[in-house]
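Q: This structure is in structure tokens; I'll ask about it shortly.
Nothing in this text is a laboratory measurement; each read-out follows from the coordinates by a stated rule. Model, not experiment: these values are computed from the prediction. Neighbour counts are summed over all protein chains in view; Cβ atoms, including those assigned to glycine, are modelled from backbone coordinates with ideal geometry.
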Amino acid sequence: MTTIILHGRKVVGGCAEGEALVTKDRISGWGGIDPLTGTIIETRHELRGQSFKGKVLVFPGAKGSSGWSGQFHIARLAGAAPIAMVFNEMTTKIALGAVVTHAPAITGFDRDPLEIIETGDWVKVDGDTGIVEITKKHKD
Amino acid sequence: MFDGKEGPAIQKAMDLLVRYGEALDAERLADTNNVAGTIGATMPFLRSYAAGEQGFDAVFSEFSLDSGEVLAIPPVKVFSSHLQQGFDPAHAEQQGIAPEVVKIYKKGGDYCAKLGVQPLNTCAPYLVGNLPVKGEICAWMESSAVIYINSVLGARTNAEGRESAGAAMLTGKIPYWGYHIDENRLGTHLIELDVDIDSVSEWGLLGYYIGEMVQEQVPVVNSTRQIGNLARLKHFGAAAASSGGVEMYHIVGLTPEAPTVEAAFGRNKPVATFRYGPAERKRIYQSLNSTANDTQVDFVMLGCPHYSIEQIWEAGRLLEGKHIHENSNLWIFTPRAIKQMADQNGLTKIIEDAGAFLMTDTCSALGRVLPKGVKVAAVDSAKQAHYLPAIMGIQAWFGTTADCVQAAVTGRWNGGLK
């Protein structure tokens, strides 16, 4: 079993592990997700119809409405939030969204997580140390 | 404030701002005296908090301060404006809102007054008296307003969220980051135009294109030939902030930080140059109309972002003496203060005599308010065309204001790229 380690910067502390859900599309909060189920609803999104509930969400960053944080805030209260967030592009939307989701979150990686993590991989996110540990689902 | 000497609510607000500032890796908090946010509780999920014993303090604590503990919320410390609400209480019946929800709205209005939050109740506070000046540090939500005040007015705000705006209302502080800082306001991408952008809908198509191309970067539109005005730039920015995450743009010769291409880019070199011509225009138009098949239009929605008085006057001229088709509906959205003017000079009457409605406070996508049984909408807003089908599961046509009014009058979509 191979594990890969990525190093990044803490956005929100804490530790969580679970299955990865990966997208190369940026995510809209308000109008892009159903916060009660964690489902992506944006019309042309590659993850349309899939839910990030209980997953380690791996994505480029946030886009769209400033309701981003509010939607992820509701998702947490509804029990439909991701358990951790791994992303590349820092914006106010995602920073505040990650803070109010109360889930460990990391950005600023030494290698691009979108190139390394695939949906279904087992991912451990340690927000305090900025370390992401990936166990691949498929052996290369 | 952080030590709790000003009370637990202020302490929680500072705690949130510090956590948020650390997440951003901001160097410090800045002072602000202009906050635009939302503290209402008309969304279904929030209503149960508002209905509880501790009412709106419970809503503010959780959804504006990220505090599960309910705190007594003091009046705001700095000038604060309320953005959109969930529905228009004067048209609750048309919007399918139950009387008990209208009660929550009224309770929320009283709470705003108690806290000293001004009830502009619009996505476009700059239409009704909140016009920040060049260089003013603001803490605003609402992507279409953020992009407008940064780019057109030269004010300085990031796209805040409900929680950071709420914390800023109580403290007058916000992380100093992003578009507060000179170098982050400089252009990154150059956009060259091969077609004239000469109407509100053309500005919307261009904005939607640019958002797709540059995502959250800072585009510079290189053209001194295009004439912008409030309605055009309002639509342009809203579109760019919907297809991408644009919060700042420059139009050479038009916006305040772009007297020349060189000034707009400063020390940056363009990362890429994109040309917007007939092929791009056609592709964007098709993309905005990709959810629509049925030409029978049962709903037309205008006023995203909220219409200015000029736009209401134009809609009034298109509608005068006409009548909305029996199988269709027309709703126009504007801030309350502007509706008051429309009431005063007879525009509301022209709209209502045609069988349409002039509504305030919300819009169809934000409030999820539609006439009963709607399947196919027509809109003159790229932003609304982007969001409405995803949120409400309906088809949406995008076209000019005249195309939309015609669809409301005939009940059929007859628009198209001209």
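Q: Can you pull the Rg over Rh of the stretch B:1-101, Cα-only, Kirkwood?
A: Radius of gyration relative to Kirkwood radius: 1.03.
Q: When you count, for each residue, the other Cβ atoms within 10 Å and take the mean per peptide, how do A:6-13, B:161-168 rank with the highest first?
A: B:161-168, A:6-13
Q: Let me ask something else. Pick out which of B:ASN289, B:ASN130, B:ASN345 has the largest mean-square fluctuation in a Gaussian network model of chain B, springs linking Cα atoms closer than 10 Å.
A: Result for chain B, Cα springs under 10 Å: B:ASN345 fluctuates most.
Q: Let me ask something else about it. Which value, to two decimals, describes the C-alpha radius of gyration of the stretch B:318-362 once divided by 2.2 N^0.38 Å?
A: So the Cα radius of gyration is 1.13 times the expected 2.2 N^0.38 Å.
Q: Extending each Cα 7 Å along its Cβ direction at B:ASP294 and B:GLU352, get the distance between those two points in nm, one decimal.
A: Using points 7 Å along Cα→Cβ, the separation is 3.0 nm.
Q: Suppose R0 equals 60 Å. What FRET efficiency, 1/(1 + (r/R0)^6) with r the Cβ-Cβ distance, do B:VAL18 and B:SER199 give to the nearest 0.05?
A: 0.80
Q: Sticking with this structure for a sec: Could you put A:MET90, B:MET392 in order, starting from the residue whose Cβ has the fewest other Cβ atoms within 10 Å?
A: By the 10 Å Cβ count, ascending, the order reads B:MET392, A:MET90.
Q: Further, regarding this structure: Hey, fewest Cβ within 10 Å first, where do B:HIS386, B:HIS235 land in order?
A: Going from least to most buried by this count: B:HIS235, B:HIS386.
Q: Just want to confirm a number: the relative contact order over the stretch B:312-418, from Cα pairs under 8 angstrom separated by 6+ residues, in percent.
A: 29 percent
Q: Still on this model: Report, to the nearest 10°, how far helix A:68-77 tilts away from the longest principal axis of the Cα atoms in chain A, using its own Cα long axis and a range of 0 to 90°.
A: With rounding to tens, the tilt is 80 degrees.
Q: Here's a follow-up. So if each residue of separation counts as 0.36 nm, and I subtract the Cα-Cα distance between B:LYS114 and B:ASP3, what length gain in nm does that give?
A: Gain in length upon complete extension: 37.4 nm.
Q: What number, rounded to the nearest 500 deg cm²/dmol, is the helix-based mean residue ellipticity at 222 nm of the protein assembly as shown, given -39500 (n - 2.57) per DSSP H run of at least four residues and division by all its residues?
A: Dividing the helical sum by the residues of the protein assembly as shown leaves -10000 deg cm²/dmol.
Q: Binning at 10 angstrom from zero up to the longest distance, how are the C-alpha pair distances of the stretch B:200-256 distributed in percent?
A: Over the stretch B:200-256, the share of Cα pairs per 10 Å bin runs 28, 60, 11 percent.
Q: Between B:ASN229 and B:ASN268, what is 0.36 nm times their sequence separation minus the Cα-Cα distance? Round to one decimal in nm.
A: 11.3 nm
Q: Then there's this: Counting only C-alpha contacts under 8 Å and six or more residues apart, can you give the relative contact order of chain A as a whole percent?
A: It rounds to 37 percent for chain A.
Q: Highest mean first, how do B:293-299, B:401-407 rank when packing is the count of other Cβ atoms within 10 Å averaged over residues?
A: B:401-407, B:293-299
Q: Which peptide among B:269-280, B:369-380 comes first, and what is the full order, when sorted by highest mean count of other Cβ atoms within 10 Å?
A: B:369-380, B:269-280
Q: Averaged over peptide B:139-152, how many Cβ atoms belonging to another chain are found within 10 Å of each residue's Cβ?
A: 2
Q: Which of B:LYS134/B:LYS339; A:LYS53/A:LYS124; A:LYS55/A:LYS137; A:LYS10/A:LYS93; B:LYS107/B:LYS339; B:LYS234/B:LYS269 have a Cα-Cα distance over 18 Å?
A: Where the Cα-Cα span goes over 18 Å, the pairs concerned are B:LYS134/B:LYS339; B:LYS107/B:LYS339; B:LYS234/B:LYS269.
Q: Once fully extended, how much extra length lies between A:ARG48 and A:ARG111, figured as 0.36 nm per residue of separation less the alpha-carbon to alpha-carbon distance?
A: Once the chain is fully extended between A:ARG48 and A:ARG111, it gains 20.0 nm.
Q: What is the distance in Å between the Cα centres of the stretch B:200-262 and the stretch B:291-369?
A: 26 Å
Q: Which values of log₁₀ I(q)/I(0), to two decimal places, follow from the Debye formula for the stretch B:72-141 at q = 0.13, 0.14, 0.15, 0.26 Å⁻¹ with a uniform point scatterer at every Cα?
A: Log10 of I(q)/I(0), two decimals: -0.47, -0.53, -0.60, -1.22.
Q: Express the relative contact order of chain B as a whole percentage, based on alpha carbon pairs under 8 Å and six or more residues apart in sequence.
A: With pairs under 8 Å counted, the relative contact order is 16 percent.
Q: Also, quick follow-up: Average partner chain C-beta neighbours within 10 Å, per residue of B:32-43?
A: Other-chain Cβ atoms within 10 Å of each residue's Cβ, averaged: 1.
Q: Across bins of 20 angstrom width beginning at 0, how are the C-alpha pair distances of the protein assembly as shown distributed, in whole percent?
A: P(r) over the protein assembly as shown, rounded to whole percents: 22, 57, 20, 1.
Q: Under a no-solvent Debye model with one identical scatterer per Cα of the stretch A:3-135, what's log10 I(q)/I(0) at q = 0.10, 0.13, 0.14, 0.16 Å⁻¹?
A: Log-scaled intensity ratios, in q order: -0.25, -0.43, -0.50, -0.67.
Q: Please compute the average number of Cβ atoms from other chains found within 10 Å of each residue's Cβ in peptide A:59-65.
A: For this peptide, the per-residue mean of nearby foreign Cβ atoms is 6.
Q: What list of whole percents do you get for P(r) of chain B, with Cα-Cα distances grouped in 10 Å bins up to the one holding the largest distance?
A: Spelled out per bin, shortest first, that is 5, 22, 30, 26, 14, 3, 0.
Q: Roughly how many Å is it from the Cα centre of the stretch B:1-58 to that of the stretch A:25-45, as a whole number?
A: Here the answer is 25 Å between Cα centres.
Q: Where both residues lie in chain B, what percent of DSSP beta bridges are antiparallel, nearest 5?
A: Roughly 10 percent of the beta bridges in chain B run antiparallel, per DSSP.
Q: Mind checking the alpha-carbon convex hull of the stretch B:262-392 and giving the volume per residue in Å³?
A: So the per-residue hull volume is 174 Å³.
Q: What do you get for the angle between helix A:92-101 and the principal long axis of chain A? Use alpha-carbon atoms, 0 to 90 degrees, nearest ten.
A: 80 degrees
Q: Here is a follow-up. Taking the number of other C-beta atoms within 10 Å as the exposure measure, put B:HIS82, A:HIS138 in order starting with the fewest.
A: A:HIS138, B:HIS82
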